[in-house]
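What follows is a short report on a single structure.
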């Protein structure tokens, strides 16, 4: 087993959370010092842009580009928001990061905040992560005491305050614009841009929102440079490392920091300890519940955003859920659809009504009440949900569409046998 | 100007036009639920999907979310788009209860139309339907959530457009619920619009529930006469009863909406107690008999006391025809000059407002929505002219600063700065703002009268109680604004304020701003009444004349002075002193039983009429139906409710102007239409204010502002009053309007009576503290005429040393002496 460089999880400790002192001993806040002492705002954005850091929350939006879209003459105050909502099923990397080294993401938020002249930072965290919220609140105070937050950070003119905001607890709050609505006390319905949040976000002021993992990379990019970061990946198209969250029928499920572009087979066989005894790889969801089933033919795929896009899938959050030959994928899809039907915000018709419709038909198929006619209806709806208001519904039907594409016989077997063949 | 091709047809549209709107201009109605012209596009329902074939967008997209751009080629009939829209309808119908046969929206339901036209006819969904609990939302609206298709129009109207928060979306996913946190009466006085904007039957009209299908109704364009704005409505009648009123689009006045007072203020029309027969000395008679007796008795008075012993009074709820005919008859018969308004002060203020309403300054209500600074001087929009409050909200949503200078605890459904000035200090407060706002360089370039006026607005020297910082903040906003509007009331303000408001607007205009001026007036046709009335003539002067014995006969034409006159004892004594009191009206007002002769008149719904709103817009209303006693009444509850007769029961009443015409012996020979034309000719010929009045046929459906202020040089002539009044420890009394309960006609509506809060007397907390009174205490005001007893409401947001009494029909408030404006503190006591 090759040992890859650990960037985010390097000092992960089995028994405790890295303290501020421990973080500082290992180069913590050096990136911030360099930022404030040596770099202009635009230098920072330039470096992040050159590093090719793509947003790690699932959408893979180029972070440097996002920072660039805050116009230099945009109104003040500006906001920086850290998305720690992490509601994507199978994903637990942000939680691991918070519990490993909370100051790393805090430092990243400060650096990114500096680059856009943000005055206020907000960490939006899901309510189930109450322990994480408490850790962050405690560590933010310590960071402020140490001069990393508050007024005149490290003797510079830059001032930033960061608060922790607990979500009301819906999946859609993880979506950028829905999250901003939630922060403003409104219903968390997504809003279709334009205007983009970097132009008119919270209270119509420029707002940059990124994922915990994305922020955590920033101090390292500043310290070691963009080229170093790009070279961490094993593919030319990828950049940096990625925390993969592996769950399902493997021997050692967990969060592993591995280079972007590592092969799926290597992740499962080397790091996740291989398939469980007697289990054979049937398919996996490569990036959380809103990605499609990746069938066995792609077992050796290079796990980066580009490669998965090529096979009609997505790397998403990098949460790999592994299914074996005994798993009924109709049932799995039903389970996922159940989740998405429940978590829809209810704003647009296709998502609000289409997902429960799909759930109903899948439940009938799984329970042996399916009819052949259901398949074309499901196929049509799968396509039509792409015309929903936001990206939620296309993600929600990704498992269904890949089920019908790669495992159609399994669906038909349910209908013909009038029962689930796996039960 | 972008050019776009939709279904092979070209159209050029204004920049920013959505594709759905461009298609509408071509006459192509793309299906829609969430899109509403007043609420804008949000892309929620997804039923307006079309296929973009060429241009910057490709594929199936929502036509409400895309701005029309050059080179766009759009198909509304593309197979993929049609299939998608059909699916959207199928999704919307998954849980719909298909209860059209018992749904009041059936027949004018957008969902029905779209379902049928969208081609979704056969149900495929095998699942169970969702069910919701409905809520009690008050007496106006029936809630049926199972019908909901989640277009979000209601919550967007209610919260965004309307500014109230007690109704909205709750829960999520396909359990999303539209309603209140808990059951209860909706707080917004614009809630009835939910009925109009709901594309299906979630919100239906409660008072007219199950009364008929839309196609059963005689639907007629009509007008609201419950305040001076003159909003457009549609009246629906069936079985000889006006049963429902809806908003009618008017781009100049009310837009798509109306207030609840206007929507439900029509009940007086079909009340059981409505007097429909002529009476003299308690005996029923025909109108002709009644008229004959009236003529005879009038002649007797002329014979003994001369014709000047006869006076006629109308009111601002008269149609223009009636107002004119009152004057014409009074002149022709050499009676006293007629009175239209309640007292001299109101008459003077209305006349002043009209005389200074420069056409260059006057704005339509909808223009207020695009103002960037609105100063409200002595007006309480939500209570006096509710739709004005909604216009102010739209201005504020677009970034306007709203500043209200008014002593009352004014509430608006938007953010605003309230400077609770006492009535005499209203203009000094705003004067200080203007004085601070204008640069010396600008002032130097003004003409001498304007400059002089400017310097009279001395900043900081006046005795008002506002913070200088508030003045400075507003001045800063006024300085940078482009389109300021002065909104000015005519009721509680001092006599000079209307003219000063116009002067302020003229000054801002001279200083280079596109300034506007907008008055609020006391009553629907107060503008026309103001044009017709003589100076120094009012109901008050007539009462004096009766007391002095110079007037012996009084004819009240759709006028109930008891409702508004503050000294009940005095007016009752005066009426008793009369030798003849004749009343003509369509409501059974308090003066009807006191009349020696009563003649029933028709309502606006039966005879139509011409009304001039507060901005001088003349509007024609056609009759909504033929009239008569409602079938429910004549049928005595029988089914079928038939009685056999050769004519419609209860159509004896005539328009007041028709009755009056017979007093000068015209009218019998000519038909109603010719008589109306005749009245118009008389007006144009005899009344200088009306010489521009267009012919009936020339008045466009939206009405037209015909009126030209006689002399636009009138600005800057008004004398500044001498600051605030001296403090003698007494409380100033203001009798004011409330949204519900104080306007005479709407007070007849049972559903609105339910909404009107129990009348309260309002007092500033500092005064309450001094008097040892608390909020909620029952207090008694011991006045000369008697005692007014009501609950006390203690507030912070009003001027101190003041007492606010609503002119509420349920409060026996008319105990004041004429001209009394102050009461001593020892006249107020707590009732244990």
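Throughout, read-outs are computed from the coordinates displayed, never taken from laboratory work. Please read these numbers as outputs of a predicted model, since none were measured by experiment. All Cβ positions, glycine included, derive from the backbone under ideal geometry; neighbour counts span all protein chains shown.
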If R₀ is 35 angstrom, what is the calculated FRET efficiency for the pair residue A:37 and residue A:227, using the beta carbon separation as r and rounding to 0.05? 0.95
Measuring from the longest principal axis of the C-alpha atoms of chain A, the long axis of helix A:374-384 (C-alpha) lies at a number of degrees, nearest 10, equal to 30 degrees
Please give the per residue volume of the convex hull enclosing the alpha carbon atoms of region A:241-324, rounded to a whole number of Å³. 68 Å³
Okay, helix-only estimate at 222 nm for the protein assembly as shown: each DSSP H run of n ≥ 4 adds -39500 (n - 2.57), divide by all residues, round to 500 deg cm²/dmol; what do you get? -9000 deg cm²/dmol
Could you list B:17, A:19 in order of exposure, starting from the residue whose Cβ has the fewest other Cβ atoms within 10 Å? A:19, B:17
How high is the relative contact order of chain A, in percent, with contacts defined as C-alpha pairs under 8 Å that are six or more residues apart? 16 percent
Can you tell me the Rg and Dmax of region B:124-270, counting just the alpha carbons, in angstroms? 16.1, 55
Mind giving me the FRET efficiency for residue B:753 and residue B:780? R0 is 25 Å, r the Cβ-Cβ distance, nearest 0.05 is fine. 0.55
Region A:307-423, relative contact order in percent, only Cα pairs under 8 angstrom and at least six apart counted: 31 percent
Of all DSSP beta bridges in chain B, what percent run antiparallel (nearest 5)? 55 percent
Using only the alpha carbons, work out the radius of gyration and Dmax of region B:97-178 in angstrom. 14.3, 41
Any idea how far the Cα center of region A:304-343 sits from the one of region B:156-208, in Å? 39 Å
Overall Cα dimensions of the protein assembly as shown - principal axes, largest extent first, Å: 125, 75, 66
Can you tell me the relative contact order of region A:241-324? Whole percent, Cα pairs under 8 Å, sequence separation 6 or more. 36 percent
Rounded to the nearest 5, what % of the DSSP beta bridges within the protein assembly as shown are antiparallel ones? 50 percent
Take the Cα of residue B:108, step 7 Å along the line toward its Cβ, and report every residue of region B:209-230 whose backbone nitrogen sits under 12 Å from that point. B:212-222
As an exercise, use a Förster radius of 51 Å and the Cβ-Cβ distance of residue B:71 and residue B:272 to find the FRET efficiency, rounded to the nearest 0.05. 0.20
Mind pulling the angle between the C-alpha long axis of helix B:79-93 and the longest principal axis of chain B? Nearest 10 degrees, somewhere in 0 to 90. 60 degrees
Could you work out how much longer the chain between residue A:4 and residue A:280 gets when fully extended? Use 0.36 nm per residue separation minus the Cα distance between them, nm to one decimal. 96.7 nm
Per-residue average of other protein chain Cβ atoms inside 10 Å, peptide B:77-89 -> 3
Give me the extension gain from residue A:417 to residue A:145: residue separation times 0.36 nm, minus the current Cα-Cα distance, reported in nm with one decimal. 91.2 nm
Residues A:215, A:244, B:565, sorted so that the one with the fewest Cβ neighbours within 10 Å comes first: B:565, A:244, A:215
Placing one equal point scatterer on each C-alpha of region B:3-93 and summing with Debye, one gets log10 I(q)/I(0) at q = 0.19 Å⁻¹ equal to -0.79
Between residue B:136 and residue B:417, what is the label-point separation in nm under the 7 Å Cα-to-beta-carbon projection? 4.4 nm
Restricted to Cα positions, what overall size does chain A have along the principal axes? Three whole-Å values, descending. 73, 48, 36
With just the Cα atoms defining each centre, how far is region B:10-42 from region B:684-698? Give it in Å. 39 Å
Work out, step by step, the length gained on full extension between residue B:441 and residue B:688: first 0.36 nm times the residue separation, then minus their alpha carbon distance; give nm to one decimal. 84.8 nm
Post the alpha-carbon centroid distance, region B:614-632 to region B:389-418, in whole angstrom. 32 Å
Pick from A:273, A:288, A:150: which is most flexible by mean-square fluctuation in a GNM of chain A where alpha carbon atoms under 10 Å apart are linked? A:273
What are the extents of the Cα atoms of region A:329-417 along their three principal axes, listed from largest to smallest and rounded to whole Å? 38, 20, 19
For chain B, taking Cα atoms only, what is the radius of gyration to one decimal and the Dmax to the nearest whole Å? 28.4, 89
I need the Debye-formula profile for region B:731-830: one equal scatterer per C-alpha, no solvent, reported as log10 I(q)/I(0) at q = 0.23 1/Å, two decimals. -1.25
Whole-Å semi-axes of region B:220-315's equivalent ellipsoid, largest first, each the root of 5 times a Cα gyration tensor eigenvalue? 39, 19, 10
Taking only Cα atoms, what is the 0 to 90° angle, nearest 10, from helix B:426-437's long axis to the longest principal axis of chain B? 60 degrees
Quick calc: nm separation of the 7 Å Cα→Cβ label points for residue A:236 and residue A:409 -> 3.8 nm
How far is it, in nm, from the label point at residue B:98 to the one at residue B:651 when both lie 7 Å from their Cα along the line to the Cβ? 4.4 nm
Expected sort for A:360, B:260, B:216 with the fewest Cβ neighbours (10 Å cutoff) up front is B:216, A:360, B:260
